[in-house]
Amino acid sequence: MSLSAFMAQNAAQAENQKLVVSLRFRDETGNPIPFEIRALSEDEDAGLKKICTTRTISKGRQITSFDNQRYMNLLVASSVVYPDLKDAELQKSYGVVSDGDLLKKMLIPGEYLTLQQAVNEVNGFDTEKADEAKDEVKNS
């Protein structure tokens, strides 16, 4: 076997995905407008995890805690390409000043969950597909 398939120039690039998260956002002709999401790099993901990790000292021991909810919110917001969640005018229309807060104001819970599930999938966190791939490798 050759390692050439693992060379950067031969690796398939993760493609952005479009999905309709909500029927409440429509274009001029009444068609639902899809969100566009992307996969993050491992470096970007590590940066999000670092933001969500706190370390404190208690009784001489270091305690590390991870805010999973904050991480998921940052992961979702960082994965959205369109609409531009960093757009000041869009944020102002919802009365927020951050992309993560904007999503929470824009979307109702079911819509946010739909987006979150798609973001997990595009970033490779879909455990069902991962299990299928493992089984396929085992059976080869």
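Rule-based calculations on the coordinates, nothing more; no lab input. What you see is a predicted model; the values in this text were computed from it and never measured. Note: ideal-geometry Cβ built from the backbone for every residue, glycine included; neighbour counts use all protein chains shown.
Within the stretch 35-91, the trypsin sites (Lys or Arg not before Pro) that combine a DSSP coil assignment with at most 12 other C-beta atoms in a 10 angstrom radius are K59, K86.
Modelled spin-label separation between A11 and D67, with each label point placed 7 Å from Cα along the Cα-to-Cβ direction: 3.0 nm. Within the chain, the longest run free of exposed loop sites, counting GluC sites (Glu not before Pro) that sit outside DSSP helix and strand states (H, G, I, E, B) and have at most 13 other Cβ atoms within 10 Å, spans 29-140. The stretch 7-50 and the stretch 68-121 have their alpha-carbon centroids 12 Å apart.
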